[in-house]
Amino acid sequence: MHIPRHPERGSLGQGHRSSIEARCLVSASGQVEKDAKPLPRINRHSIFWIVASIGVTYYVDFLHNIMENDEIKSWWFNVGLSLLGVCLSLAMFCIVYLEWFKGIQHYEHEYPAIPPITTAAFIAASCSLNMALWPVWSFFTPLILFTQFMGVVMFISMLG
């Protein structure tokens, strides 16, 4: 098989790594070396999303609207909350039971159905919540819910 060569960029072009670079990244055991330091828990990115989430919560009076607005489509809202409960239950099962009690670090290998089920439930929950809250905030609804989601995720990541 002939691999075309680019005159200036080498054999595989600019976007691909050379075999020398690939060998440097992989150790003798076949695992990628850990040269990069993990990001600290508190960083600008996390702070930004948490502050943005707090600002959106205050500016749109999020909690008051969720609790008392009559324009919310309650059926879609209940479906969204139920699916969000499924996501959180599966996450707690993986984190608390499998990781903490059972000591299973790679639970996706032991229970391969959990990640796709959680992903599908979360996508369905976000669609349901967007449909339920659309009468309240119109086209701002996806932006508001995404900001709230990112704020919660960043807050949880700072906790542990």
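Of all the numbered requirements in (1) modelled with pLDDT under 90; (2) closer than 21 Å to residue 63 by Cβ, residue 149 misses one, and that requirement is (1).
Residues considered: 152, 136. Of these, the only one that is touching an Asp or Glu at 6+ places or on another chain (Cβ under 6 Å) and among the hydrophobic types (A, V, I, L, M, F, W, C) is 136. Among the listed residues 59, 97, which satisfies the condition of being modelled with pLDDT under 95 and among the hydroxyl-bearing types (Ser, Thr, Tyr)? Answer to the check: 97. Elements of the type helices (runs of 4 or more DSSP H) sitting completely within the stretch 58-146 and holding at least 2 residues that are touching a residue at least 12 places away in the same chain (Cβ under 8 Å) and under 20 Å from residue 156 (Cα atoms): these cover 74-92, 114-137.
Listed by first and then second residue, the pairs with beta-carbon distance under 9 Å, at least 6 apart or on different chains, first residue in the stretch 36-56 and under 20 Å from residue 145 (Cβ atoms) and surrounded by 15 or more Cβ atoms within 10 Å (Cβ to Cβ), second polar (S, T, N, Q) and at pLDDT 95 or above, are 49/147; 52/147; 53/147; 53/148; 56/147; 56/148.
Condition check ((1) touching a helix residue (DSSP H, G or I) at 6+ places or on another chain (Cβ under 7 Å); (2) among the β-branched types (Val, Ile, Thr)) across all residues:
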residue	(1), (2)
60	yes, yes
79	yes, yes
82	no, no
85	no, no
96	no, yes
110	no, no
129	yes, no
156	no, yes
159	no, no
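Checking each residue in the stretch 133-145 for being surrounded by fewer than 18 Cβ atoms within 10 Å (Cβ to Cβ) and closer than 16 Å to residue 79 by Cα picks out only 134. Just so you know, in the stretch 107-132 the residues that are closer than 27 Å to residue 45 by Cα and more than 16 Å from the chain's Cα centre (by Cα) include one that is surrounded by the fewest Cβ atoms within 10 Å (Cβ to Cβ), and it is 130.
The values are calculated or read from the model by the stated rules, or taken from the named source; none is laboratory data. The model shown is predicted, which means the values in this text are computed figures rather than measured ones. Virtual Cβ from ideal backbone geometry, glycine too; neighbours counted across all protein chains shown.
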